[in-house]
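Below is one structure, written out as structure tokens, with a few remarks after it.
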Amino acid sequence: MVLPQPPHSIIVPPLESGDRLTRAEFEHRYQATPEKFKAELIEGVVYVASAVKVFHGTPHAALMTWLGVYWTATPGVSVADNSTLRLDMDNEPQPDALLRFETGGTSRISEDGYIEGAPELVAEIATSSAAIDLGAKKTVYRRNGVQEYLVWQTFENRFSWFRLQAEAFVLVEPDAEGIIRSTVFPGLWLAVDALLAGRMMAVLNVLQAGIADPAHQGFVQALAGRSA
């Protein structure tokens, strides 16, 4: 009697930096990796992230605190931390943070739980990844219609806020008070120097002033009308 042979297991190659893949193949391989593994597909090229050091982790926490407070005060917007974006056939980045409209925006949640399309605001913490964050990835976000793109270069202690105008990213400078005010998310105010100095209480005080501004209150009412 011939015994049946066990089925051969299919070996999925690991993701490695420099691999050139379609988005479908990238997702297939990504799903076979360990849970804490992080990789991105930018212009059809795989970038595997290195281990996260405190030079990235602490600024990341500060940025998420700032965005998280705004999120709690602004029903109708959603914040996400390290969530994969399906942008187009060659690009599936995993930004450090993002802010999006839950209804009537330029992105949606797919049936399998991914964000598809461009969120209105994307933020990246750039340590060893500064070249790609300010290079190819910036081009991808611009081309896909991200309205505001924030990059915090931690080694240089520099914060850049780009706003999409006439299909180009324009660098926004702080005003006379040292504050940048979002045009997409009214009330999202950032005291840049305080953030770079690690003075989070000052950052949150300025944000609270933005949340108390009548423009934010009107924005919240408008968002409520979208979901009514």
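Using a probe of 1.4 angstrom and keeping all protein chains present, the accessible surface of the stretch 93-227 works out to 44 square angstrom per residue. Helical runs (DSSP H, four residues minimum) scored at -39500 (n - 2.57) apiece and divided by the length of the chain put the mean residue ellipticity at 222 nm at -9000 deg cm²/dmol.
Compactness ratio for the stretch 167-228: Cα radius of gyration over 2.2 N^0.38 Å (N = residue count) comes to 1.27. Relative to the Cα centre, the charge distribution of the stretch 1-124, modelled as +1 at Lys and Arg Cβ and -1 at Asp and Glu Cβ, gives a dipole magnitude of about 280 debye. Stretched out straight at 0.36 nm per residue, the stretch from Met89 to Ser110 would grow longer than its current Cα-Cα span by 6.0 nm.
Given +1 at the Cβ of Lys and Arg, -1 at the Cβ of Asp and Glu and no other charges, the dipole of the stretch 112-226 around its Cα centre is 80 debye to the nearest 20. Lys/Arg Cβ at +1, Asp/Glu Cβ at -1, dipole of the chain taken about the Cα centre: which of Gln217, Pro93, Leu21 is farthest positive-ward? So the residue furthest toward the plus end is Gln217. A simple charge model with +1 on the Cβ of Lys and Arg, -1 on the Cβ of Asp and Glu and nothing else charged puts the dipole of the chain at about 140 debye relative to its Cα centre. Within the stretch 93-228, what whole-number % of the accessible surface is contributed by carbon and sulfur, with the 1.4 Å probe and all protein chains included in the calculation? Carbon plus sulfur share of accessible area: 52 percent. Per-residue SASA remark: Met89, around 130 Å² accessible (1.4 Å probe; ligands, DNA and RNA not included). Against the criterion of solvent-accessible heavy-atom surface with a 1.4 angstrom probe, Asp90, Asp133 sort, most first, into Asp90, Asp133. What is the distance in Å between the Cα centres of the stretch 111-166 and the stretch 16-86? What the calculation gives is 11 Å, centre to centre. Simple rule: put +1 on each Lys or Arg Cβ and -1 on each Asp or Glu Cβ in the stretch 134-200, find the dipole, and look at Gly178, Gly198, Val140; the Cα lying farthest toward the positive end is Val140.
The values are calculated or read from the model by the stated rules, or taken from the named source; none is laboratory data. Keep in mind that what you see is a predicted model, and the values were worked out from it rather than measured. Because the Cβ atoms are built from the backbone with ideal geometry, glycine has one as well, and the counts that use them run over all protein chains shown. All accessible areas refer to the heavy atoms of the entire protein, side chains included, with ligands and DNA or RNA removed. Shrake-Rupley method; radii C 1.70, N 1.55, O 1.52, S 1.80 Å.
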